[in-house]
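All remarks here apply to the structure that follows.
The values are calculated or read from the model by the stated rules, or taken from the named source; none is laboratory data. Since the model is a prediction, treat every value here as computed from it, not as a measurement. Cβ atoms come from the backbone with ideal geometry, glycine included; neighbour counts cover every protein chain shown.
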Amino acid sequence: MESRMRRITCIVRERQLQHYGHVARFPEGDLAGRILIVEDLSGWTRPRGRPRNTWLQQIEGHSRRVGLDCVSAWLDHLKAPLAPGAAATVPPAEIEQLGRGRQKRPTGAAVPEGVSGSPIELRANYFRILSRPQWVLYQYHIDYNPPMESRRLRSALLLKNEDLLGTTRTFDGSILFLPHRLPNTVTEFVSETRDGQTVKITVTLTNELPPTSPVCLQFYNIIFRRVLRILNMQQIGRHYYDPNDPKNIPQHRLMVWPGFSTSILRYESSILLSLDQYSLDITDNNQVLLISRVKKSGPGGRPLGPALLIPEFCYLTGLTDKMRSDFTIMKDLSAHTRLTPEQREQRLLGFISNMHKDSAAKAEMANWGLQFDSKLLSLKGRVLPPEKISQGGKIYEYSPWVADWTKEMRGVQLMSTQPLENWMILFIRRNSDCAYSLVQFLGKVCSPLGIRIQKPIMIEVEDRHDSLMRALQQNVTSNTQMVVCILPSNRKDKYDAVKKFLCVDRPTPSQCVVARTLSKPQAMMTVATKIALQMNCKMGGELWSVEIPLKQLMIVGIDCYHDTSAGRRSIAGLVASLNQGMTRWFSKCTIQRPGQEIVDGLKYSLQVALKAWYRHNSCLPSRIIVYRDGVGDGQLQGVVSYEVPQFLDCIKTLGEDYNPKLSVVVVKKRIGARFFAKIDGKLSNPPPGTVVDNEVTRPEWYDFYVISQAVRIGSVSPTHYNVVYDTSGLKPDYMQRLTHKLCHMYYNWSGIIAVPAPCQYAHKLAFLIGQSIHREPSPNMDELLYYL
C-alpha cells in the first residue's frame, strides 16, 4: 500500500506557477496564485506513526485554510488504491473545476449569451491550434539514484538515452513531457557522469493529458516560445519583437521593431492562440559596466546580486516623457504603431506564414503533432441599437458609426444648469487679453445652453507661485461658486497647488486653463463651450441622459491609482450614482498603504454612498452593480474573496432586512483581443455597440466584450467585462445593454467612451488625488464632479 501512496501538497505562490508531478495548474493568475500540487512518487511513505486517514484529513483542513475549497473530490480520488503497475491519471473534469475556483459562471447563467441586436460577421486576432486525432501529452516523473542536485547534470544524464526517449521532449529537471508513450509504464536505465559515477534513472508514467488540460496550456505556451526563438524573435519584457524587420524614423533617431503579444488559453470552443502584434564580440575591454539591480529572488528566497551589463550591447527602449509630449514625434510614430484592421491582418497572417515556411519552426510543431490554423478566427457578434439622447426636453439620435453627438447638442439647453453668479478669474498681466476674451465667449455660448451667467471678478496676479496662492486665500469665500485660473504654462507645481487648496483647504469647484488654449480666436467658440459644460458639471449641473429601464438601481465604479509621492501609496476612487437617470454622482476616495491594489476601505466608502442615495431617494437601492476597473486576471480571486465580502458586510450594516441584488463586474481595457468586420469588401473596425460573447470568451467565466467607442486611426480596442459575482438574475442581454448605455454618460466627452462612465469618473478622481492633491478632499465636494 505504501508504495502506491500519493502525496498532495498545498502551497501559496506568486503568479509564476511551477509544476511537479501531477499538477492542477490553474489558468494563469487564477486563485490568486494558489496551486494544488499532486505527486506520484513510487516508494514514498507517509510520515512515520501517522494513520493514513488522519494524514489526509489534515491535508484537507490545511487546503481549506488556504482557500482551496474544491479539494474534496481530489481527496476521494487520492484515497482510492491504485491497481498494481497502473499510472495515476488526473480526471480532466476535476482539473477544470479546480482551475475555475470561485471565478465560475454565476448560478442561472450557464450559457451567458445575449440575443438582442443585429448579427455581424467578425474576425478576431486568434488562431486555432490544430492537433492530430486522439492527441495526448504524456507526462513522466524522473527519479535519480543517487539524487542529483544540478538541473543541468540531470538533463545531460537523461539526454544520453535519446535512442530510447526520442529527440522530441521537454524536461524541466524533474518532469518529462513526450509526444509518444514509452513501451513500459516504468522504464529504468543507467547513465554515467564524467567522473565515472553510475546513476540509475527511473522514468515513470504519471499522466496522460488531453488537449484541454491546464498543464497542456502551459506546455503549449512553452513550445510556442521555443518556436518564437527559432524565428529569431527577441524577448523584451513579456513580449517578442522582430529585429529583422525594423521600421526606421530617421528624423527622430528612432527604430521601431514589430512586436507580438501572444498567449494560448482555452476559450469557449477550442484552444486558441491570441496574437497581437547571442554570440557577440566585445570591442572595448576597458568600458565601464552598468549595474542593474535584479528584482527576482534566488534560491531560498535570497536576493540575487546585481547584474553587470556591457554598455555596447545595451540599447534604450521605450519613449522618454519628453518624447511622449512631442506631438510631431508621436504623430510620426503612430504611422507604424496604429495599424488599421487591414494592416493588422496582414501582419498577423504574415507572422503565421513565416512560421509555416520556416523548416525548423515547422518541424518543432510537427514533432509534437501540433500546428496553427492559417486563417484568423471567424465568429459572430451582435450590434446593439444606438441609444437616444435626452437633453433639456429634447430627444435626438446620433450617427451610429461616429458615436458622437457634439453637433446634435449645439443650441440645445442642458438637462439642468447651475447659475454662474459668484465666480472669479485669476490671470497674470500678459494673459489679460485671453481672460477677457474667455469671458466674452462664455457669455455667447452659455445662453443657448440655458446657463445664466454673470460677470466674474477679474483678479490679476503676478507670475509667482506665492502671489497666486495669496490671491486665492484672500478672495475665495464660502459663497464662491467657481474659480477659473488661467495658467501661463502647464507647470505641474502651480496646478497642484491650486487644486489642493480648492479641494481640501477651501472646497470650491475650479477650472484651470492653460493660456495657450485660449490663444487661437478661430477655436474660441469650441473651447468656451467645453469650458462652460465642464464648469456646469463641476457645480452640480446635468448635461444629458439615456433611458435606464431598471428602477432603484445604483451603479458603482471603482478604480485605483498609485500615488507619485509618499512611497507610491494607492488611491482607490469610488463613484456611485445618486438618481435613476445616472446623471448625479457621489464620489469618495481612500488612500491605502504603498503598493496595495485591492481596496481596503470599500466598506466605508460604499456605506457613505448608500446613505447619500437614501438622502436623495428616501429609500435604499434594490439593485447594486459594481464595475471594478484596474484588476488583472491574477487578482480576480482577490476581488471575489476580499472585496465582495466588504460589499456584503456593508449591506448588512444598513439593516438586517436590507438585501439588495448585487453584481460585481471586472472591467479590463488593456487586453490583446481585436475584432474586425468586413464592410463594403474592406476589413474595418466593427461599429460602436458591437458585442462578442462567444468563441473567444472563457468557458469558466461569465464574460463578454463590448466595442462602445469609435476610433478614427488604427484598430479599435474592445473592453472585456467579467461578471465575477452576480445575484441579480439579469439576463446577459440586460447586462450587456446596460453596460453600453453607461458608456454614453461621461460628461467630459459628448460621445461614447470605452468604459462605463462611473469607471472613468473613478479613474479621474483617483488620478487627481494621486497626481496633485495627495490628501482626501473635503466631504463638501463629494456630490460634485470636481475632478473632470
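Condition (residue is outside any helix (DSSP H, G or I), surrounded by fewer than 23 Cβ atoms within 10 Å (Cβ to Cβ), touching a Phe, Trp or Tyr at 6+ places or on another chain (Cβ under 6 Å) and among the hydrophobic types (A, V, I, L, M, F, W, C)) applied to the range 680-690: is it met by at least one residue?
yes
Within the range 500-592, considering only strands (runs of 3 or more DSSP E) that don't extend past its boundaries, which have at least 2 residues that are modelled with pLDDT of 90 or more and over 28 Å from the mean Cα position of the chain (by Cα)?
Once the strands (runs of 3 or more DSSP E) in the range 500-592 are filtered for at least 2 residues that are modelled with pLDDT of 90 or more and over 28 Å from the mean Cα position of the chain (by Cα), what remains is 510-514.
Would you confirm whether any residue within the range 399-408 is farther than 28 Å from PRO386 by Cβ and not basic (Lys, Arg)?
Scanning the range 399-408 turns up no residue that is farther than 28 Å from PRO386 by Cβ and not basic (Lys, Arg).
Determine if the range 732-747 includes at least one residue that is out of contact with any Ser or Thr (no Cβ under 6 Å at 6 or more places or on another chain), surrounded by fewer than 20 Cβ atoms within 10 Å (Cβ to Cβ) and in a loop (DSSP other than H, G, I, E, B).
Within the range 732-747, not a single residue is out of contact with any Ser or Thr (no Cβ under 6 Å at 6 or more places or on another chain), surrounded by fewer than 20 Cβ atoms within 10 Å (Cβ to Cβ) and in a loop (DSSP other than H, G, I, E, B).
Quickly run through the range 751-777 and pick out the residues that are assigned to a loop (DSSP other than H, G, I, E, B) and either in contact with a helix residue (DSSP H, G or I) (Cβ under 6 Å, 6 or more places away or on another chain) or of a type in the set (A, V, I, L, M) (or both).
Those that are assigned to a loop (DSSP other than H, G, I, E, B) and either in contact with a helix residue (DSSP H, G or I) (Cβ under 6 Å, 6 or more places away or on another chain) or of a type in the set (A, V, I, L, M) (or both): ILE752, ILE753, ALA754, VAL755, PRO756, ARG775, PRO777.
Any idea which residue in the range 219-254 is nearest to LEU339 (Cα to Cα), counting only those that are assigned to a strand (DSSP E or B) and over 28 Å from the mean Cα position of the chain (by Cα)?
Within the range 219-254, the match that is nearest to LEU339 (Cα to Cα) is LYS247.
So which residues in the range 530-545 are within 21 Å of ASP404 (Cβ to Cβ) and either touching a Phe, Trp or Tyr at 6+ places or on another chain (Cβ under 6 Å) or among the hydroxyl-bearing types (Ser, Thr, Tyr) (or both), if there are any at all?
Of everything in the range 530-545, those that are within 21 Å of ASP404 (Cβ to Cβ) and either touching a Phe, Trp or Tyr at 6+ places or on another chain (Cβ under 6 Å) or among the hydroxyl-bearing types (Ser, Thr, Tyr) (or both) turn out to be CYS537, LEU543, SER545.
Give me the residue from the range 513-558 that is of a type outside the set (Gly, Ala, Ser), touching an Asp or Glu at 6+ places or on another chain (Cβ under 9 Å) and surrounded by fewer than 21 Cβ atoms within 10 Å (Cβ to Cβ) and, out of that set, nearest to LEU487 (Cα to Cα).
Ranking the candidates gives VAL546 first.
Filter the range 130-154 for residues that are surrounded by fewer than 15 Cβ atoms within 10 Å (Cβ to Cβ) and within 23 Å of LEU209 (Cβ to Cβ) and give the result.
ARG132, PRO133, GLN134, ARG151
When residues of the range 698-726 are filtered for being crowded, with 21+ Cβ neighbours inside 10 Å and more than 27 Å from GLY751 (Cα to Cα), how many remain?
Residues meeting the conditions: 5.
Pick out the one residue from MET415, MET409 that is modelled with pLDDT under 90, touching a strand residue (DSSP E or B) at 6+ places or on another chain (Cβ under 8 Å) and not β-branched (Val, Ile, Thr).
The unique qualifying residue is MET409.
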